[in-house]
Each structure stands twice: as C-alpha cells, then as structure tokens.
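This report refers to the structure that appears directly beneath it.
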Amino acid sequence: MRGYKAILFIDVDGTLADFPFRKTVMPFVYKEVSKRAGISEKEARQLIIEEEHKREALMSKDRYDWDDIIRTVARRLGIGWDYNLAEIIEKSNLSNGLLYPESKPTLQQLEDMDYLLYAATNGFYKYQNPVLEKLDLKRFFKAVITPDTIGHYKNEAGYFKPFLIDGLTSVMVGDEYVYDVFYPKKFGLKCVWINRPKQSIWNVDEVSQVDTSSERPDAVISSIGELPKVLEAMV
C-alpha cells in the first residue's frame with residue numbers, strides 16, 4: 001500500500017465550488033414550477049426551500065433528494081413534474097466561475113504531498129458526480145462518498161467508517177459546521193472548518209436543530225488554499 005500521510009475527507013459545495021448544482025439547475029426549476037403553477041418564481045423558490053429546510057430539520061433520509069423535493073412541492077401545487085434533475089445537470093455546461101480558483105491547485109498539491117483524498121458530500125451521487133467530472137475535480141479523489149451510495153449521511157459514523165485506516169489520521173474539511181465539524185469530531189476525526197461567508201440561502205447551520213457548542217474544529221481557515229499549511233501542524 002502507498003505510504004499516505006493522512007486521509008482527507010473534503011466537502012464539495014461551499015468548499016471546492018460555489019454550489020454548482022443549485023446555481024445551475026435550480027433557477028430552471030423555479031422558472032418551470034412558476035410557469036406551471038401560475039405563481040411567481042420567488043414564491044416557487046420559497047416553497048422549495050421550505051420543503052428542503054423541513055427535511056433538514058428532521059434529518060430525513062431523503063433530505064437531499066432534490067427530485068423528490070420538487071415532486072412533493074409539485075403535488076401540493078397540483079401540477080405535473082416529469083423532469084429528471086440529474087439529466088439536466090448531465091447536459092449542462094457548468095461555468096468554471098463556480099469553481100473556487102484555489103481548489104484545483106490545492107488538490108494537486110495535497111495529492112503530491114501523499115494525502116489520500118475522498119470527496120465527502122451529503123449531496124446525492126447522481127447530482128455531485130457530474131459536477132465533479134465537469135469541473136475536472138474527480139480525478140483527484142479515490143472515491144466520491146455520498147449518502148445514497150454509502151447509506152449514511154455525515155451525521156452517522158457509518159459514513160466515514162469504511163474508509164478509515166488504522167494508524168492514519170483522518171481529517172474532515174468543509175464549510176458546514178454541523179456536518180463538517182460537529183459530527184466528524186464526535187466520530188474521532190480531526191476537522192478543519194472553512195469559515196467562508198455564507199452566500200447561499202441553503203445555510204444548513206442556520207436550519208439545523210443540533211446544538212453544536214460542545215465540539216470545536218482543530219483549525220479554521222477561510223479557503224481551501226490554506227489547507228496544506230494547517231495540515232502540517234495536525235498530522
């Protein structure tokens with residue numbers, strides 16, 4: 001086995017890129033729901049956000065199944081919905097402007113430094129895998145870990161357990177405090193929190209009902225580009 005320095009679980013949205021799926025696919029969804037239901041795009045957006053927030057607060061197993069979220073809202077509005085969001089993202093031309101400029105060079109640097117990298121996201125594989133491929137990020141990761149493929153979210157130890165290696169330090173890196181710091185710390189991982197200004201209405205840390213005050217990150221950075229340096233003191 002290659003002599004890895006440590007295992008890094010790296011989040012995607014808000015960590016490596018500026019929410020590509022949501023910023024590429026969801027505007028189309030709001031427009032289409034608005035047109036079919038005879039409501040404003042703002043109203044359509046709010047209904048969808050409320051459904052997602054409700055599922056997040058309950059930590060339901062389908063909380064990031066966007067196809068199911070949209071179908072649920074469509075049924076309430078009495079409209080049909082036959083789009084497949086995974087197919088839409090597959091056909092989309094993702095803007096490289098959604099990729100944080102420091103992401104790719106930093107991943108290359110970490111790979112060269114012999115870190116074992118996993119993409120660790122709560123987004124479903126059918127949505128996140130095309131994003132990683134289109135942004136040319138997937139090649140840096142040994143695997144893409146998602147709740148629909150592993151059967152667990154980041155708030156469950158089973159999400160990380162299959163990928164841990166005895167004797168190797170494991171570090172979770174991400175921007176959502178509840179999922180990227182609080183729970184991983186409880187499971188014995190070290191954590192680097194990316195405290196990036198939240199620009200998305202999907203701010204899980206504001207929606208979650210979890211009291212995260214008992215856990216603190218091992219390091220706090222403002223962008224993924226700072227990661228190699230802080231890791232030197234951790235592993």
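What follows draws every value from the coordinates through simple rules; no lab data is involved. Treat the numbers as computed from the prediction; the structure is a model and nothing was measured. So basically every Cβ, Gly included, is an ideal-geometry build from the backbone, and we count neighbours across all protein chains shown.
General observations
- With eigenvalues of the C-alpha gyration tensor scaled by 5 and rooted, the stretch 95-235, Å: 20, 19, 17
- Against the compact-protein benchmark of 2.2 N^0.38 Å, the Cα-based radius of gyration of the stretch 97-179 scales to 1.10.
- Simple Cβ-charge dipole of the chain, Lys/Arg +1 and Asp/Glu -1, about Cα centre, in debye nearest 20: 280
- Extended-chain gain in nm, criterion 0.36 nm per residue less alpha-carbon gap, Q46 and W81: 10.9 nm
- For the stretch 1-40, a Kirkwood radius taken over Cα pairs fed into Stokes-Einstein (37 °C, viscosity 0.692 mPa s) yields D = 247 µm²/s.
- Neighbour counting of Cβ atoms within 10 Å sorts the residues W66, W81, W193, fewest neighbours leading, into W81, W193, W66.
- Along each principal axis, Cα extent of the stretch 13-120, largest first, Å: 54, 31, 22
- Extent along the principal axes, Cα only, for the stretch 1-68: 59, 26, 16 Å, with the longest axis given first.
- Estimated 222 nm signal from helices in the chain, with DSSP H stretches of n ≥ 4 weighted -39500 (n - 2.57), rounded to 500: -11500 deg cm²/dmol
- With all projection directions averaged, the alpha carbon convex hull of the chain covers 12.5 nm².
- Segment K35-T212, length gained on full extension (0.36 nm per residue, minus Cα span): 59.7 nm
- Partner lysines for K104 [C-alpha distance under 17 Å; skip if fewer than 8 residues away on the same chain]: K134, K138, K142, K229
- When the Cα positions of P101, P217, H53 are compared along the charge dipole of the chain, H53 comes out farthest toward the positive end, with charges on each C-beta of Lys, Arg, Asp and Glu.
- Counted residue by residue at 0.36 nm each, then reduced by the alpha carbon distance between them, the extension gain from M113 to S92 reaches 4.2 nm.
- Structure note, pairs K42/K126; K23/K190; K35/K91: Cα-Cα distances above 24 angstrom occur for K42/K126; K23/K190.
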